[in-house]
Amino acid sequence: MAVKLVACPQCGASAEWNPQNRFRPFCSERCKLMDLGAWATERYRVPVAESDGSEIPPEEDPAPRPN
Ligand SMILES: [Zn+2]
């Protein structure tokens, strides 16, 4: 049975994509935590551009659009 390898988004190392790897797609818990940390930092750092208090447009529209 072939092991599927994925590149760790954090460090680029090959990580095994299997149920035993709790940190997939990361290679280790450390990389996972680092990535989550970067994510949080990024989110807080991103300025809200042109925010006028109006509602944020939905990213996904589950309802079919009449087109
Ligand atoms: Zn890694």
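Please treat every number below as a calculation from the coordinates, not as lab data. Everything numeric here is computed off the predicted structure, so don't read it as measured data. FYI the Cβ positions are ideal-geometry reconstructions off the backbone, even for glycines, and counts take in every protein chain you see.
Taking 30 Å as R0, compute the FRET efficiency from the Cβ-Cβ separation of GLU16 and ASN67 and round it to 0.05. Before the final figure, lay out the partial values.
On the way: r = 43 Å, r/R0 = 1.45.
The pair GLU16/ASN67 has a calculated efficiency of 0.10.
Hey, with R₀ at 30 Å, roughly what FRET efficiency would TRP39 and ALA2 work out to, going by the Cβ-Cβ distance, to 0.05? Efficiency for this residue pair is about 0.45.
Across the range 20-35, rounded Karplus estimates of 3J(HN,Hα) from the backbone phi angles (6.51 cos²θ - 1.76 cosθ + 1.60, θ = phi - 60°) give 6, 8, 6, 9, 4, x, 8, 7, 7, 4, 4, 5, 5, 5, 4, 5 Hz, Gly and Pro being marked x.
When you restrict to C-alpha pairs under 8 Å that are six or more residues apart and normalise by the size of the range 5-44, the relative contact order lands at 32 percent.
Quickly rank 10-19, 23-32 as a protection proxy: mean count of other C-beta atoms within 10 Å, highest first.
Output ranking for 10-19, 23-32: 23-32, 10-19.
When the Cα atoms of the range 5-44 are aligned to their principal axes, the ranges along those axes come out at 32, 17, 13 Å in descending order.
Counting Lys and Arg as +1 and Asp and Glu as -1, what is the net charge of the other residues whose Cβ lies under 14 Å from the Cβ of ASN21? Each step should come with its number before you reach the end.
Working: positive: LYS4, ARG22, ARG24, ARG30, LYS32; negative: GLU16, GLU29.
Spelling it out: positives minus negatives among the neighbours equals +3.
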